[in-house]
1. Go through the residues of region 77-91 one by one and say whether even a single one is under 15 Å from the mean Cα position of the chain (by Cα), in a loop (DSSP other than H, G, I, E, B), of a type in the set (A, V, I, L, M) and more than 25 Å from Cys229 (Cα to Cα).
2. Ile119: of a type in the set (Val, Ile, Thr), part of a helix (DSSP H, G or I) and closer than 30 Å to Ala226 by Cα, yes or no?
3. Is there a residue being under 19 Å from Glu82 (Cβ atoms), within 14 Å of the chain's Cα centre (by Cα) and crowded, with 20+ Cβ neighbours inside 10 Å anywhere in region 220-232?
4. Inspect region 213-224 for any residue being under 16 Å from Pro60 (Cα atoms) and hydrophobic (A, V, I, L, M, F, W, C) and give the result as yes or no.
5. Take the residues of region 122-178 that are surrounded by fewer than 16 Cβ atoms within 10 Å (Cβ to Cβ) and of a type in the set (Gly, Ala, Ser): which is modelled with the lowest pLDDT?
6. Please work out which one of (1) farther than 20 Å from Lys178 by Cα; (2) among the hydroxyl-bearing types (Ser, Thr, Tyr); (3) over 17 Å from the mean Cα position of the chain (by Cα) is the condition Thr124 fails and give its number.
7. Restricting attention to region 76-90, which residues are among the aliphatic types (A, V, I, L, M) and modelled with pLDDT of 95 or more?
8. Within region 191-206, restricting attention to residues that are surrounded by fewer than 16 Cβ atoms within 10 Å (Cβ to Cβ) and either of a type in the set (Asp, Glu) or under 21 Å from Val117 (Cβ atoms) (or both), which residue is modelled with the highest pLDDT?
Amino acid sequence: MLQPVGYACHPAYPTGCSNSENPQYEAYLNFLKNQMPTPTAGISRYITRTTIQSLDASTPPGITSRNHISFAAPLSGPGISEGNIVGLVGYLYFVQRTGAESTNCGLSRADETDFHVGIGFNRTIALGLRDGHTPSDVERRRLQQTSMVVEVTPHYRAQYRPSWTYTFLRQYVGRQVKVVGQLMLDNDHTVPDDNCAAPGADTGTCWRMTAWEIHPVIRFYVCTTAAACPRNSSAWSLVE
C-alpha cells in the first residue's frame with residue numbers, strides 16, 4: 001500500500017525540510033518532533049498541572065526559537081527529562097488542524113500536518129463541551145490558555161495510528177483522556193505573545209498554557225466510566 005506523501009518525507013528528512021534561513025526552521029527542534037517511539041514504550045512518569053508549572057519555571061531563560069540544541073543537556077537532565085515518555089490525565093478540550101510547517105517538510109494536506117490537541121483539567125468545562133456547548137471566541141481562547149498542547153503527527157498516524165483522523169479524535173471532546181508520548185519543549189512558543197507561562201505574558205493575547213508539549217502522542221486512552229478515572233484505573237480504553 002502506498003504511504004501518504006507526508007510519511008515519505010520523514011525517513012529522508014528527519015529534521016524536516018526548509019530553507020535554513022527560514023526563521024521557523026530549527027533542525028534540532030524538528031528532530032525531536034519527528035521522533036517515532038514504539039507505541040508500546042513505557043511511561044517514565046506522569047505529569048500534572050503542578051509538574052507543568054515546574055517545567056515552566058525550569059525553562060532556560062536564554063532559549064529562543066533557533067537555539068534549542070544549545071540547551072539539550074539541561075533540558076534532558078534530572079527534573080526535566082525532555083525526550084522521555086510521559087503520561088498525562090486530563091480532559092480533551094479541542095482538536096485543531098494545523099498548516100504547513102518545516103517539521104513536516106512544508107506539506108499541507110490533511111494527512112501531512114499535525115493535529116493540535118488541547119488537554120485541560122476542569123471537569124465542569126469538559127462536561128459542557130461533551131454536552132454540545134459551542135464555545136464563544138472568548139471561551140475558546142480560555143480553553144487554549146488553560147490546556148497543554150499534545151501533538152498527533154502525520155507520520156506517526158500513517159505508520160501506527162491510521163484511525164486517528166481529525167473527525168475520529170473530535171468525537172472524544174469533553175471526555176476524560178489519558179495521553180502518552182514524548183515530553184518536549186516547543187521553543188518556537190516560549191515567547192510571551194504565545195506562552196501564557198512566559199515572563200511578561202499578556203493574558204489578553206497569549207494562547208497556550210505552556211510551551212511544553214507531549215509530541216508525538218503515541219497512545220490515547222478514554223475513560224469509560226461516569227466517574228473520573230484514576231491514572232491506573234482498569235476503566236481506561238485504548239483508542240486504536
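1. No, region 77-91 contains no residue that is under 15 Å from the mean Cα position of the chain (by Cα), in a loop (DSSP other than H, G, I, E, B), of a type in the set (A, V, I, L, M) and more than 25 Å from Cys229 (Cα to Cα).
2. In short, no.
3. Going residue by residue through region 220-232, those that are under 19 Å from Glu82 (Cβ atoms) are none.
Within region 220-232 (the criterion being under 19 Å from Glu82 (Cβ atoms), within 14 Å of the chain's Cα centre (by Cα) and crowded, with 20+ Cβ neighbours inside 10 Å), the answer is no, since none of the residues qualifies.
4. no
5. Among those that are surrounded by fewer than 16 Cβ atoms within 10 Å (Cβ to Cβ) and of a type in the set (Gly, Ala, Ser), it is Gly132.
6. (1)
7. Ile85, Val86, Leu88, Val89
8. Selected residue: Asp193.
The values are calculated or read from the model by the stated rules, or taken from the named source; none is laboratory data. It should be emphasised that the depicted structure is a prediction, and the values quoted were computed from it without experimental measurement. Don't worry about glycine lacking a Cβ; one is built from the backbone with ideal geometry, like all the others, and counts go over all protein chains shown.
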